[in-house]
Amino acid sequence: MAALRYALASGRLTSLRPSRTFFLHFRGLANLKPPSSLFAPLDTFPERHIGPDDAEASKMLSQLGYESIEAFVADTVPPKVRVSTHSVNNESIPSFSETQLHTRAKELAGLNKPFKSYIGMGYHCAVVPPVILRNVMENPAWYTPYTPYQPEIAQGRLESLVNYQTMVMSLTAMDIANASLLDEATAAAEGMVMSSVSAPKKKTFVVDSGVAPQTIAVLRTRAKGFGIRVVTGNASAVLEDPKIRFDICGVLVQYPDVNGNMEDFSTLAQATHSLGALVICATDLLSLTKIKAPGEWGADVVVGNSARFGVPAGYGGPHAAFFAVTDRLKRKMPGRLIGRSRDIEGNPAYRLSLQTREQHIRREKATSNICTSQALLANMAAMYAVYHGPAGLKRIATKVHKFTQVFKSAVESIGYKALNGAFFDTLTLDVASLGSAEALHAQATAAGINLRRIDDNHVGVSFDESVSPNDLVNLLNVFATYASAKPFKLSDLSDPGSTSIPRELRRTSEYLPHPVFNKHHSETEMLRYIHHLAGKDLSLVHSMIPLGSCTMKLNSTSSMIPLTWPEFSSVHPFAPYDQVKGYLQIIKELEDDLCRITGFHAASLQPNSGAAGEYTGLCVIRAYHESRGEGHRDVCLIPLSAHGTNPASAAMAGLKVVSIKVHNDGNLDLEDLRAKAEKYRDNLAAFMITYPSTFGVFEAGVLDACQIIHDNGGQVYLDGANLNAQIGLTNPATCGGDVCHMNLHKTFAIPICVAEHLAPFLPSHPAMPVRGEQSIEAVSAAPFGSASINLISWAYIKMLGGHGLVDSSKMALLNANYMAKRLQGHYNLRYKNENGRVAHELLIDLAEFDKAAGLKVTDFAKRLQDYGFHPPTCSWPIQTCMLIEPTESETLEELDRFCDAMIEIRQEAGDIISGKQPKDNNLLKNAPHTISAIASSEWNRPYTREQAAYPLSWLRERKFWPTVSRIDDAYGDLNLICDCPSVEELAQH
């Protein structure tokens, strides 16, 4: 050791000398604040979450010309909208250390009763294979990447999502499937709207009585905005009505239905098609390994919940819904669609396909505002299918079906009557001859079991993969005890041998023949496949993701841990309230904290995406106007700078969109707003605004804008996408808003918060025991939407506490302004306020490079990939711009790394402008550079391999390699292939 110390001191072992990177790795330890007392916790969250320490913050402030963070904030946030420094603090929101949060979460988890639920209704207790739980669900390499708009650095997720699409297409026997939607009910609503669009002069949509009640509730909500009439009943009988036949646009059936029945819908499909209408089928993927696929009997659209494939119930979600259609409907299909294409070297590559269908292109002409997919959950479901394969899935399905048969035979032997002839996993039992359903539920409750509540004479029972032989016996003995029958033993039960599925409904066709579903069945192979794919994706485990308007901060490990505890993960969304007191307490605390933060009166956690939050808020506004006898108000004013979901959401809520101009300095044109508000004052319903604006500035005129709307009878919807810049500095209510939504992957969760006068109109749900008289109907399948996600938001808020939340917003502003300062002079900073400040994000304009050298925004984005960064938001909100948002969680070192990369790319662009590099064959046009390209035996490019791969020295130690070169988008859309390659295709490649 002495010799080693001498060598280091004398410089003789320079290769072992600690580098700058080594010291920076320990930067935080040298600057941790001393505890307030000996008894204060040391694992406080703010110093772990907020990237820059005090010394780094002081350095950034000095660079900007400030001595204090307060002076900086005063120049950044308009004084008119500032709130009291006491509005959000540790008194109103006390902070927990990470250990304290863990203890509190355990305490609340203990309040949830671990009942065994046989409720069904589209939700099951999934068995998550441990290899998937640990290596996908709990792995930040899978849960932190962004939507794969940059496919060269997202090939792993894209391949897995193609596996998901292929799984759905194969099991449903449909031509094409998307990369997932939010839940089964909203997927069915998308199908209903698609049928209306396909037959625009027809406005009646028939829903079979076997469809789940939560789906019917969501359909009624969605139908209102499109002027669709929803008619429920026996679908075949309803079609006999001449008035309905003349006006029908579509029919929705459930297969098997909510009561467990199965029927052959081929005749119904033929009748529906003869009327020019579509057939939408809600189904269960596991059942389709045993029963005839909907595509084989004539369905046009097939939807459902894929969570049964290895995704926890989580009190309602999040789950990945599937959506599959026939080929002729593919260009009308909502949501993300992953397709195969090729890169510029001819190698196969995956990408987002047919994006011109989406809301950010079509805006108010869009019929869906969906702008996301449930990618993590879809990937888990896909991995489940990969792990089990077709034979394994059928084995699981067979066991579930036979357990159901055994149960039916046993309860019928002691006097109960099953109403099902053909069934898969669900039975409806008539208990009237033995007593009341309520008394039987009481018996089940005493045994720790939940049955489905139907009415006074009937109960429902659904089986799933998690039911063990002991569970089956315990369930049977609830029925035996109630019937005063002899208790069952496992030895009393036997394999039924035959199936209850009629021959004409049995599946005979092959499914999942693709190699990927037939080779990764050992844990070793599965583990390697999961990590092979993860290695192709750039995520927050590699570097910052500075996407403007997306706030890509890390979901902390401490926030994520409770999600997979069985006390939270295994809870059925329709479990009685007295069994979910822990969940309800978390929901109450989260709603209270969100109301403190936003300044609003009430909140709803039911919307399960940001776009769903927008839509819900607008539906609440419409309901408010209707309650005042002003249901005719149907005009929504939206700035041209708004996110594409805003006009799409307005159109879905039945509102007419009127655009508002924006000045060249990025501020809203108040005169144009005033003129149009007054023009439409008799019909003005709402105004949608994002604050800070999508141009990255706090607009000083926001109060004036909101007052204009209120003076003309409208309500203000404030898009909470940028709430991360506001906490404790301003809030949506102070800015003049009446309703806002927030996003999980941005600031907190996906609720909406509303002012007091809008609170009575927040969404209800069929499963809620108390429903407000003025509430709108459900907007998602579960009462609290993607309920388990609320645990993350709750934990995040509780660990930061009031002071930490405010400090996070301040640091988000400081980080963005520091980056603006560093990039100024190299790039054109498009918008800033009168003090030269931006908000939490900055917009740089690259138009000059296109004019001088033909360099597009895409060229800069692809070159950034060579530097190991995910590009910022590209070509939005302005076609020639990049929108950069660093968040508060990135350190000064990381900010500088990104700025160094951008400045170096600017110099590379300068070489092209000056003629040192050709305009058609240069570092930017050829980016990104793969390792195969760098290692190729031929190199005929006018720059060195080193310039391509290692333009900055730190890349030699920390390099992320894109796995494909730039992808040919046009080829992918012209040759649309959205499933896994076959054996033959793999052999050819």
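The values are calculated or read from the model by the stated rules, or taken from the named source; none is laboratory data. Just so we're clear, the structure is a prediction, and the values are computed from it rather than from any experiment. Every residue, glycine among them, receives a Cβ derived from its backbone with ideal geometry; neighbour counts consider all protein chains shown. Please note that ligands, DNA and RNA were not included when accessible areas were found on the heavy atoms of the full protein model with its side chains. Shrake-Rupley method; radii C 1.70, N 1.55, O 1.52, S 1.80 Å.
At-a-glance table
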quantity	calculated
Crossing angle, helix 469-482 versus the chain [Cα axis fit, 0-90 degrees, rounded to tens]	50
Nearest 10 degrees, 0 to 90: helix 184-198 Cα axis against the chain principal axis	90
Cut-off 16 Å, label 7 Å out along Cα→Cβ of residue 768, residues of region 776-809 by amide N	776-787
Share of carbon and sulfur in the accessible heavy-atom surface of the chain [1.4 Å probe, %]	51
Distance between region 452-529 and region 543-622 - C-alpha centres, whole angstrom	32
Relative contact order of region 410-501, defined on C-alpha pairs under 8 angstrom at six or more residues apart (%)	30
Heavy-atom accessible area per residue - region 85-149, 1.4 Å, Å²	44
Solvent-accessible area of residue 894 with every protein chain in place, 1.4 Å probe, in Å² to the nearest 10	10
Accessible area of residue 939 in the full protein assembly, 1.4 Å probe (Å², nearest 10)	60
Extension gain, residue 852 back to residue 70 (0.36 nm per residue minus Cα-Cα distance, nm)	277.4 nm
Relative contact order of the chain, pairs being alpha-carbon contacts under 8 Å that are 6 or more residues apart, as %	19
Cα gyration tensor shape of region 235-345, rounded if a/c is under 1.5, else prolate or oblate by comparing a/b with b/c	oblate
Sequence of 954, 297 from largest to smallest accessible area, 1.4 Å probe	954, 297
Relative contact order (%) - criterion: Cα under 8 Å, at least six apart; region: region 173-291	29
Neighbour cut-off at most 10 other Cβ (10 Å), DSSP loop, GluC sites (Glu not before Pro), region 504-545	510
Whole-Hz couplings from phi, Karplus 6.51/-1.76/1.60, listed for region 237-253; x for Gly and Pro	6, 4, 5, 6, 6, x, 5, 6, 4, 5, 10, 6, 10, x, 10, 10, 10
DSSP beta bridges in the chain [antiparallel fraction, %, rounded to 5]	55
Three-way shape label, region 363-440, alpha-carbon gyration tensor, a/c 1.5	oblate
For region 462-590, accessible area per residue (1.4 Å probe, heavy atoms of protein chains only), Å²	43
Cut-off under 5 Å, modelled amide H: who pairs with residue 343 long-range	349, 968
Cβ-derived FRET efficiency at R0 25 Å, residue 197 paired with residue 175, nearest 0.05	0.85
Label point 7 Å beyond Cα of residue 398 along Cβ direction - residues of region 288-305 with amide nitrogen under 20 Å	288-293
Heavy-atom SASA rank of 822, 134, 863 (probe 1.4 Å, accessible area, largest first)	134, 822, 863
Gyration tensor (alpha-carbon) shape descriptor, region 861-961, a/c threshold 1.5	oblate
Spin-label proximity, residue 661 to region 627-643 - amide N less than 18 Å from point 7 Å beyond Cα toward beta carbon	637-642
Sequence of 352, 976 when ordered by accessible area, the most exposed leading, probe 1.4 angstrom	976, 352
Rg/Rg_globular for the chain, with Rg_globular taken as 2.2 N^0.38 Å and Rg from C-alpha atoms	0.96
Between helix 375-412 and the chain: long-axis angle, C-alpha atoms, 0 to 90°, nearest 10	20
Residue 456-residue 273 pseudo-label distance in nm [points 7 Å out on the Cα-to-Cβ vector]	4.5
Selection of trypsin sites (Lys or Arg not before Pro), region 699-806, meeting DSSP coil and at most 14 other Cβ within 10 Å	771
Probe 1.4 Å, protein heavy atoms only - accessible area per residue of region 802-938 in square angstrom	32
FRET E, pair residue 519, residue 331, Förster distance 35 Å, beta-carbon r, rounded to 0.05	0.55
